[in-house]
Amino acid sequence: MQAPKNTFKSRLLAGEMLHGLWMSLASPVAAEALSLVGFDWLLFDTEHAPVDIAGVQPLLQAAAVGTAAPVVRPAWNDKVLIKRLLDIGAQTLLVPFVETAGEAQAAVAATRYPPEGIRGVAGSTRASRFGLTGDYFEVANREICVLVQIETGAALGRLEEIAAVPGVDGIFIGPSDLAASLGHLGRPGHPEVQEALRTAAERLARIGKPAGILATKAEDAIRYAEWGYRFVAGGVDLGLMLGAAAALRRQVSEAAAARA
Ligand SMILES: O=C(O)C(=O)C[C@H](O)[C@@H](O)CO
């Protein structure tokens, strides 16, 4: 048996546009269902969603049913969290709050077996198909995809340095945190934030590094793709559910009011 290939990484590096969905519900049912609707990737968040490592494994198992590649965001740029996510089979990680090239190097090192990095070795994990693959140790390092998240003005100032770190495959800009860092908490749509997002994509395109972002509505996702973002989460599972529920509630209430 061969070790799993990382199709997210190969497609990203081939320059494909990858449409994603941000998953905050931490629900295996939602993961399985939404893996089937045609997105290229699903982001399982453990930074702000109520889920620990043991809860991520069922999400990965559920998503394996469909066609969307899983991406997991560890709660922090932490070598132990990263190792544990890799062991349960995550191959693409979105590492939050990277502000310097040194922090990006640490994130990459945490994902690589020695001598390239410091990942601890376990023989029988979900990552190696419980030890049944013959080639896992040979291919693991190159199949792992590291995306680092830029979320402050300071990090943005060092964008090119961070992006140049070997092993950083893509840069994700977090609009909400960047907005907060730029003095516009809760207002990612503020013109100054939007301009920072636009120029970040431009700078990354100039150095040939794929840029990613999270949008919360289709029109934002479309604009970000037009600006050059290549892996764009177009919405959040929880937000979509609430939006649909609120619209349904509004529609039936309005119909009832009209009948009265
Ligand atoms: O800065 C951002 O934007 C993010 O990091 C995403 C947030 O954590 C959040 O909107 C996810 O639900």
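The values are calculated or read from the model by the stated rules, or taken from the named source; none is laboratory data. From a predicted model like this one, the values you see are computed outputs, not experimental measurements. In this analysis, Cβ positions are derived from the backbone assuming ideal geometry, glycine residues included, and neighbour counts consider all displayed protein chains. Accessible surface is based on the protein model in full, side chains and every heavy atom, while ligands, DNA and RNA are left aside. Shrake-Rupley method; radii C 1.70, N 1.55, O 1.52, S 1.80 Å.
Relative to the Cα centre, the charge distribution of the range 159-217, modelled as +1 at Lys and Arg Cβ and -1 at Asp and Glu Cβ, gives a dipole magnitude of about 200 debye.
Relative to one another, the C-alpha centroids of the range 112-168 and the range 183-245 are positioned 24 Å apart. Simple spin-label estimate for ALA257 and ASP78 gives 4.7 nm between the two label positions (7 Å along the Cα-to-Cβ direction from each Cα).
Using packing as a proxy for protection, rank 222-230, 171-179, 248-256 so that the peptide with the highest average count of other Cβ atoms within 10 Å comes first.
On the way: 222-230: 18.3, 171-179: 22.7, 248-256: 9.9.
The most tightly packed comes first, giving 171-179, 222-230, 248-256.
For the range 7-259, the relative contact order works out to 18 percent when only alpha carbon pairs closer than 8 Å and six or more residues apart are counted.
On average over all directions, what projected area in square nanometres does the range 7-259 have, based on the convex hull of its Cα atoms? Please report the intermediate quantities before stating the final value.
Numbers: hull surface 58.8 nm².
If I average the Cα hull's projected area over directions, I get 14.7 nm².
Pairs exceeding a 22 Å alpha-carbon distance, out of LYS5/LYS83; LYS9/LYS83; LYS5/LYS217: LYS5/LYS217.
Restrict the search to the range 72-138; then list the chymotrypsin sites (Phe, Trp or Tyr not before Pro) that DSSP places in a loop and that have at most 14 other Cβ atoms within 10 Å of their Cβ. Intermediate results must be reported in sequence, preceding the final value.
On the way: sites: TRP76, PHE97, PHE130, TYR136, PHE137; in loops: TRP76, PHE97, PHE130.
Loop-located and lightly packed - TRP76, PHE130.
Charges on Cβ only, +1 for Lys and Arg, -1 for Asp and Glu, centred on the Cα centroid of the range 160-236; of LEU197, GLY235, ALA180, which one is farthest towards the dipole's positive end? About the Cα centre, the residue reaching furthest to the positive side is GLY235. Taking the Cα centre of the range 7-259 as origin, work out the dipole magnitude from +1 charges on Lys and Arg Cβ and -1 charges on Asp and Glu Cβ, in debye rounded to 20. Its charge dipole is roughly 300 debye.
Given a 1.4 angstrom probe, what's the average accessible area per residue across the chain, in square angstrom?
Numbers: 11940 Å² over 260 residues.
Here the residues of the chain average 46 Å² of exposed surface.
When the accessible area of the range 7-259 is split by element with a 1.4 Å probe, what percent falls to carbon and sulfur? Solvent-exposed carbon and sulfur of the range 7-259 make up 59 percent of the total.
With the simple spin-label model, which puts each label point 7 Å out from Cα in the Cβ direction, the ALA205 to SER10 separation comes to 2.8 nm.
Between PHE130 and GLU160, take the C-beta separation as r, use R0 = 45 Å, and let me know the FRET efficiency to the nearest 0.05.
0.65
When each of the peptides 119-129, 44-54 is scored by how many other beta carbons lie within 10 Å of its residues on average, the order from highest to lowest is 44-54, 119-129.
Screening the chain for whole DSSP H helices of 15 Å or more along their axis (Cα) with average Kyte-Doolittle hydropathy at least -0.5 returns 53-63, 101-111, 237-259.
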